[in-house]
Structures are given as structure tokens and as C-alpha cells.
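First the structure, in the form of C-alpha cells, and then the observations on it.
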Amino acid sequence: MSKSYVAVTYDVCEHNDLYEDMNEYNLDSSVDMGKQVKRFAEQDIAPLVKVYETASSDIGELTLYKEYKFKEFECDCE
């Protein structure tokens with residue numbers, strides 16, 4: 001079984017108790033994962049992107065693979 005990866009962008013604001021998923025993207029295994037994740041974070045202005053792994057075509061069985069944090073997209077509210 002081949003593995004596939006899904007990136008989910010999150011909007012996070014600790015000051016307003018916000019932790020909300022925004023968009024989901026299928027990753028292309030032929031392209032560098034970090035570059036794809038960075039592009040998604042820029043597109044959604046997301047401070048957090050989680051990459052999930054699945055070993056089957058069943059998208060319901062996802063396992064957290066890696067988290068990427070982007071300080072440049074963190075909220076600056078107080």
C-alpha cells in the first residue's frame with residue numbers, strides 16, 4: 001500500500017481562543033513537502049499546517065505525520 005499525505009491549514013489566535021481548520025490539500029509526492037506546505041501557509045495566511053499520513057485510500061484513517069509552524073503568519077493581537 002502506498003502512503004499519501006494531506007496538509008490541513010489552521011488559523012490560530014491564542015488571545016481569542018481560536019483554533020480553526022481552514023483548508024485541506026493533497027500533497028504531491030514528487031514535489032518537496034516543505035515547499036508545498038509553505039505555499040499553502042502563504043496562500044491561507046496560516047500559522048500552523050499539519051500534515052497527515054494515510055496508508056490507504058480511506059481518508060478517514062489519518063495519522064499526524066508532521067507539524068509546520070510559521071511565525072510570520074501568527075496573529076499580532078493582544
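Values in this text are rule-based calculations from the coordinates and carry no lab data. This structure is a prediction, so every number in the text was calculated from the model and none was measured. Cβ placement follows ideal geometry from the backbone for every residue including glycine, while neighbour counts extend to all protein chains displayed.
Which of the residues spanning the range 20-47 are assigned to a strand (DSSP E or B) and of a type in the set (D, E)? So that I can check it myself, show each step before the final result.
Of all residues in the range 20-47, those assigned to a strand (DSSP E or B) come to 20-26.
Result: E20, D21, E24.
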Tell me whether the range 61-71 contains one or more residues that are assigned to a helix (DSSP H, G or I) and either touching a Cys at 6+ places or on another chain (Cβ under 6 Å) or in contact (Cβ under 8 Å) with a residue 12 or more places away in the chain (or both). yes
Checking D76 against (1) over 18 Å from Y5 (Cβ atoms); (2) in a loop (DSSP other than H, G, I, E, B); (3) touching an Asp or Glu at 6+ places or on another chain (Cβ under 7 Å), which single condition isn't satisfied? (3)
Sole residue being of a type in the set (A, V, I, L, M, F, W, C), surrounded by fewer than 16 Cβ atoms within 10 Å (Cβ to Cβ) and touching a residue at least 12 places away in the same chain (Cβ under 8 Å), chosen from A46, A41, A55, A7: A55
